1. Is it true that A:Ala365 is of a type outside the set (D, E, K, R) and either surrounded by fewer than 22 Cβ atoms within 10 Å (Cβ to Cβ) or at pLDDT below 95 (or both)?
2. Can you name the residue in region B:136-160 that is within 14 Å of another protein chain (Cβ to nearest Cβ) and without any contact (Cβ under 8 Å) to a residue 24 or more places away in the chain and is also farthest from B:Val235 (Cα to Cα) among such residues?
3. Look through region A:422-457, keep the residues that are of a type in the set (Gly, Ala, Ser) and crowded, with 17+ Cβ neighbours inside 10 Å, and return whichever of them is farthest from the chain's Cα centre (by Cα).
4. For A:Val272, indicate whether it is in the same structural domain as A:Ala155 (by TED's automatic domain parsing), buried (at least 20 other Cβ atoms within 10 Å of the Cβ) and within 22 Å of the chain's Cα centre (by Cα).
5. Kindly establish whether B:Phe35 is surrounded by 24 or more Cβ atoms within 10 Å (Cβ to Cβ), touching a residue at least 12 places away in the same chain (Cβ under 8 Å) and over 21 Å from B:Ile180 (Cβ atoms).
6. Of all residues in region B:1-31, which are assigned to a strand (DSSP E or B) and among the basic types (Lys, Arg)?
7. List the number of the failed condition for A:Glu389; all other conditions in (1) touching a residue at least 60 places away in the same chain (Cβ under 8 Å); (2) more than 18 Å from A:Gly238 (Cα to Cα); (3) surrounded by fewer than 20 Cβ atoms within 10 Å (Cβ to Cβ); (4) of a type outside the set (Gly, Ala, Ser) hold.
8. Tell me, yes or no, whether region A:138-159 has at least one residue that is surrounded by fewer than 19 Cβ atoms within 10 Å (Cβ to Cβ) and over 24 Å from A:Ala197 (Cβ atoms).
Amino acid sequence: MSKNQTAFQERVDKSLNDDFLRKALVAAQEKLRNGKKEQSEILGNWENWRKRAEQIRQHTIENLDSYLEQFALNAEKQGAKVFFATDKTEAVEYIKSLAIQKKAKSIVKSKSMVSEEIHLNQALESAGIEVVETDLGEYIIQLAKETPSHIIVPAIHKTKEQVAELFSKVAGEELPADPQELAKFARKVLREKFLQADIGVSGANFAVAESGSIVLFSNEGNARLTTTLPKTHVVTMGMERIVPNWEALDSLLSLLPRSATGQKITSYVTGVTGPKRVGDVDGPEEMHIVIIDNGRLKILGTEYQDILHCIRCGACLNHCPVYRHIGGHAYGSVYPGPIGSVLTPLLNGLDEWKELPYASSLCGACSETCPVGIPLDNYLVKLRRDVVETGRASKLEKIAFQAFGFATGNPSFYKLGVNMADSALKPFAKGERYLVKAPFVLKNWTKVKDLPMPPKLSFRQWWAKEGEKQDGR
Amino acid sequence: MKASLFITCVADVMYAHVGESAVKVLRSLGVELDFPKDQTCCGQPGYNSGYFAETKRSAKQMIKTFQDSEYVIFMSGSCAAMIRETYLDLLKDEPEWLDRAHQLAEKTYEFSEFLVKVLKKTDLGAKLNARATYHHSCHMTRHLQVTEEPISLLANVQGLDFVEIPYKGDCCGFGGTFSIKMPEISEAMVHEKTEHVRETAADILVGSDMACLMNIKGRLNRNGQDVRVMHVAEVLAEGCGLI
């Protein structure tokens, strides 16, 4: 086993042995799945909405260059500064230099997955700047020194007792494990941080090309404070976050919260167009928009292009039976679940991430639930093909499947195999109808469940002996 | 009516009884059935593991084997989906084979689907006294999009006390080589499935994909749960006294 494989296996084992995590994940999935189901039924014509959203995303991604240009021009017209970062280093360096130039001591952040992707917090902290996550879930995992285990519900794996323990350390006194009280405490602490912060960093759910605006969906009001209180507002956005216009946004707004958390709409939908203008009473003096490529551009024009349709709703995580049992951290990537298993190897290469495409039973629940029609399970298979065709699969596996290809293409050999199965397994059956300890690759099967013994006659033997002549007519 | 049977690799090796049952049910409905002996495997294990070149050999063998058939009846929803959906993608760069793949796809039917859509039969007059639930396999549901046909056949079996399984859309954890490659995750999934079977208090778990049923049955046994697994064809054959 390779180092990465071993590490992946260890993370999976750890999750599977964490009874609390297992229960929390099942309960959270239950709530999120039911919420989506209920809200999509209330909305009605879900498949039509979905088709429309898919068309919007497809059109946007196919014309990404011109929409990005339009967005950047319009944002600049509104007074924002736009920076295109080809990779995480460029993005981080731009933001870090800006922070140093502004002599920033403290930065508040609202939730942004792309900032996780570029490891922004670590870079800023190493420059001696305090970074405070202000989304409640993100705040919790920041205190725990962890990473998000879900793209929408980052602290899905934490209990209220664990949160109370983390918050008590900050408070310097023991806080009760009461969600209301804990939220109240966080609100008090974070309010101070908002007022002190020199820079606010947000993500962008969408960026509207026709007006140069960024749009944020949030539930806690922290995004509003992050984008209005500090003197400088920095937006980090993946380059595929673009929508052509507000009308297109409306369609996606109808799908994202419903798919993500089963909400008709999030508590706040914030459009930000440029920094503070003359006559405005509040708002940042400067707005910087960092548009991040970091591996996305190379996906354009490939068979995987549709992965750029993703609107980061997390529905595929909520419907994935694998995520249900292992949670987000087991994947080891910034983006977990089916979307992460496809996106991570595409962005960062198969060398480090070739285990992820196999972390799926290919049940297709992800593709079925995806509101923008990304063929996730199909992509997982194609990534496996890439593993094989770039020589990354094990030799043994390769030999086995070459034999498979040969046998299935040659009926006489195939027949031999079918008819021999019974005698090949017989020595291991000890006269029983089920094997509890099978040999070779099958031992992984019998480790956790029984394997039936093949009957004496295969179907084709039965057919030759009896079936064919039983035709009564 | 003439039709050919595609038994599937799993049923050929492990569940000859499923094939026998299908043969008897189909013949009782007047189908003139043949079993082209050059059939092998649809290639799904290779495809799902990323061995596309090898899978093309399986696909071409399937296409050749059934080229003269009027209908091809599949004893697995997943394999039928492989023909109807995957072959068309797999062979898209080989126009001649793609054309032949389309011809096969058009005459491909899953067993229950064939009974209901082609033979227009939902009530075979079967009788079976048991409490039963049904496992909706993933590819049959999501790719083949055949969900109601087996249920309507079971609904007409007299004496069958049918109860829907909770979380009917959740995967059983088989996933082909997934169950061997990631046995621990697969175990967690199949265990949850057996708990849902337990909740139904069913004596029989019916399905249309023997690979899934083999997976679930393996765990049911390991748990000490006494539940019989049956293909729809077996329920009908037994219920009609054909076997």
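1. On the way: of a type outside the set (D, E, K, R): yes; either surrounded by fewer than 22 Cβ atoms within 10 Å (Cβ to Cβ) or at pLDDT below 95 (or both): no.
When the stated conditions are applied, A:Ala365 does not pass them.
2. B:Arg142
3. Within region A:422-457, the subset of a type in the set (Gly, Ala, Ser) is A:423-424, A:429, A:431, A:438.
Cutting the leftovers down to crowded, with 17+ Cβ neighbours inside 10 Å gives us A:429, A:438.
Values: A:Ala429: 44, A:Ala438: 37 Å.
Among those residues, the one meeting the criterion is A:Ala429.
4. Working: in the same structural domain as A:Ala155 (by TED's automatic domain parsing): yes; buried (at least 20 other Cβ atoms within 10 Å of the Cβ): yes; within 22 Å of the chain's Cα centre (by Cα): no.
Taking the combined requirement at face value, the residue does not satisfy it.
5. Values: surrounded by 24 or more Cβ atoms within 10 Å (Cβ to Cβ): no; touching a residue at least 12 places away in the same chain (Cβ under 8 Å): yes; over 21 Å from B:Ile180 (Cβ atoms): yes.
Here the answer is no, as B:Phe35 does not meet what is asked.
6. Narrowing region B:1-31 to residues assigned to a strand (DSSP E or B): B:2-6.
Hit for region B:1-31 is B:Lys2, nothing else.
7. Only one criterion is unmet by A:Glu389, namely (1).
8. Yes, the conditions are met somewhere in region A:138-159.
The values are calculated or read from the model by the stated rules, or taken from the named source; none is laboratory data. Remember, it's a predicted structure, so these values are computed and weren't measured experimentally. We place every Cβ from the backbone using ideal geometry, glycine too, and count neighbours over all the protein chains shown.
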